[in-house]
Amino acid sequence: MYTPDSMRVFVILPAAGIGTRMSAGSGPSASRPSGPPTPKQFLSIAGIPMLVHCLRAFLAAGRVEAIYVAVRQPEIERVQAQIAEFGLAGGKVHVVEGGNLRQQSVANALAQLVTETGCADDDVVLVHDAARPLIDSATIDRTIDAVAEFGAAIVGLPAVDTIKQVERTAHGAIITATIPREMIVQAQTPQGARCGLLRRAFAEAAADEFEGTDEASLLERAGIPVAVVPGSAKNLKITQPGDLELAEFYLAASK
Ligand code: CTP
Ligand code: MG
């Protein structure tokens, strides 16, 4: 697809979460009774930290000019060391401080990205969960192309199960409707937009104190159409302990 030479591509990797669902029950915390467990994005899959898997995929995508990784303040040094250890410290990767909510982490990184790069309104900014280590360069490329064409785009996985709307009850849930499967996609990342649109969506959300769990929800409420490019089950978000084994399996199967 044609992309004007002047269009630059930037990436934000929110990696400032503490992985509460990952460390619940018999997660890695069980083997570390003292002190907080290692946040999941720093755990290894096939011997390589998840964050490094992500950085490699985005650097391999070629069109990416700079990557901003948002981490908790005490993790900044560890992450910088990791980036150096894996030979990724070529000046493209920047580590910034995240916040208490994913949206805050992305907002902090976006502010720093704009200050340091002078990101133009037409430039592309992609946001990708550091906890999705199996993202591939082809999907990244397709997302960049879709943002260039439509202004905003996310990776989405078509639903395979029949989807029910429910009402929560004390004992579980009661079905209130069946939602046609073709009307559903499960939002993955990357999610991105032209820099000007993303900045507007974040500014409007902040002004209204709206909290969303992804970028698309902020873009949608700003009235910005968001395109969907196909994702895959392999691009899972490591959320619970068993997910690490699943990711190892996908990685081995794709070799
Ligand atoms: N994230 C972040 N800053 C936060 C919270 C989350 O940068 N304050 C990042 C996570 O590090 C992760 C991504 O956003 O890469 C997706 O979040 P999620 O999977 O929910 O991770 P956690 O919030 O760490 O996990 P949990 O919700 O189970 O606590
Ligand atoms: Mg979370």
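The values are calculated or read from the model by the stated rules, or taken from the named source; none is laboratory data. On a predicted model such as this, the values are computed, not experimentally measured, just so you know. Because the Cβ atoms are built from the backbone with ideal geometry, glycine has one as well, and the counts that use them run over all protein chains shown. Only protein heavy atoms, including side chains, enter the accessible area calculation; ligands, DNA and RNA are left aside. Shrake-Rupley method; radii C 1.70, N 1.55, O 1.52, S 1.80 Å.
Remarks
- GLU182 surrounded by 12 or more Cβ atoms within 10 Å (Cβ to Cβ) and either closer than 29 Å to SER254 by Cα or at pLDDT 95 or above (or both): no
- Residue satisfying all of: in region 136-167; at pLDDT below 95 and open to solvent by 100 Å² or more (accessible area, probe 1.4 Å); farthest from LEU198 (Cα to Cα) among these: ASP161
- Only one of the listed residues (ASP243, ASP214) is within 30 Å of ALA120 (Cα to Cα), open to solvent by less than 70 Å² (accessible area, probe 1.4 Å) and within 16 Å of ligand 2 (Cβ to nearest atom). That residue is ASP214.
- Conditions (1) open to solvent by 50 Å² or more (accessible area, probe 1.4 Å); (2) away from ligand 2 (no atom under 16 Å from the Cβ); number of the one not met by VAL124: (1)
- Residue in region 103-139 that is farthest from ligand 1 (Cβ to nearest atom), counting only those that are of a type in the set (Asp, Glu) and within 24 Å of LYS237 (Cα to Cα): ASP136
- Sole exception among (1) over 13 Å from the mean Cα position of the chain (by Cα); (2) crowded, with 17+ Cβ neighbours inside 10 Å; (3) assigned to a loop (DSSP other than H, G, I, E, B) for VAL114, by number: (3)
- For ASN108: the one exception among (1) open to solvent by less than 10 Å² (accessible area, probe 1.4 Å); (2) within 17 Å of the chain's Cα centre (by Cα): (1)
- Where ASN100 falls short, out of the listed (1) within 14 Å of the chain's Cα centre (by Cα); (2) within 16 Å of ligand 1 (Cβ to nearest atom): (1)
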